[in-house]
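Worksheet: one structure, shown below.
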Amino acid sequence: MSFKCTVCGRSYSTGYRVSHSHRKTRHQWKPNLQNARIRIDGLVRKVRVCTSCIKAGKIQKA
């Protein structure tokens, strides 16, 4: 499975991690994905959903 929310499509974002001496190294920030059993079109499936979608009530848990 890819590292992507199945509801909103949120994926990782990229940027630089900057140290105190201002050296830059590449970094990825990943969304908080959780495995959840949800109901999609009357079927129960196991998918990876971000916690912001779970909190917002965008899914219906089975």
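Work from the charge dipole of the chain (Cβ charges, +1 for Lys and Arg, -1 for Asp and Glu, about the Cα centre) and give the residue of SER19, VAL44, ASN32 farthest towards its positive end.
Of the listed residues, the answer is SER19.
Taking the Cβ of LYS55 as the centre, find all other residues whose Cβ is under 15 Å away and add up their charges (Lys, Arg: +1; Asp, Glu: -1).
That sum, taken over residues with Cβ under 15 Å, equals +3.
About the Cα centre of the chain, what is the dipole size in debye to 20, counting +1 per Lys and Arg Cβ and -1 per Asp and Glu Cβ, all else neutral?
Approximately 140 debye in magnitude.
Over its Cα atoms, what ratio of radius of gyration to 2.2 N^0.38 Å does the chain give?
Normalised Rg, Cα atoms only: 1.49.
Which of the lysines could be linked to LYS46 by a straight reach, that is with a Cα gap under 30 Å, when you skip same-chain ones fewer than 8 residues away?
LYS4, LYS30, LYS55, LYS58, LYS61
Only helical DSSP H runs with n ≥ 4 go in: add -39500 (n - 2.57) per run for the chain, normalise by residue count and round the 222 nm mean residue ellipticity to 500 deg cm²/dmol. Could the numbers behind the result be given before it?
On the way: 1 runs with 6 residues, N = 62.
Roughly -2000 deg cm²/dmol at 222 nm, from the helical runs in the chain.
What number, in percent, do you get for the relative contact order of the chain if the mean sequence gap of Cα pairs under 8 Å and at least 6 apart is divided by its residue count?
So the answer I get is 31 percent.
Would you please put 34-43, 5-14, 19-28 in order of how densely packed they are, using the mean number of other Cβ atoms within 10 angstrom per residue and starting with the highest?
Put in order of decreasing packing, that is 5-14, 34-43, 19-28.
Coordinate-derived values only; no laboratory data. Note that this is a predicted model, so its numbers are computed, not measured. Note: ideal-geometry Cβ built from the backbone for every residue, glycine included; neighbour counts use all protein chains shown.
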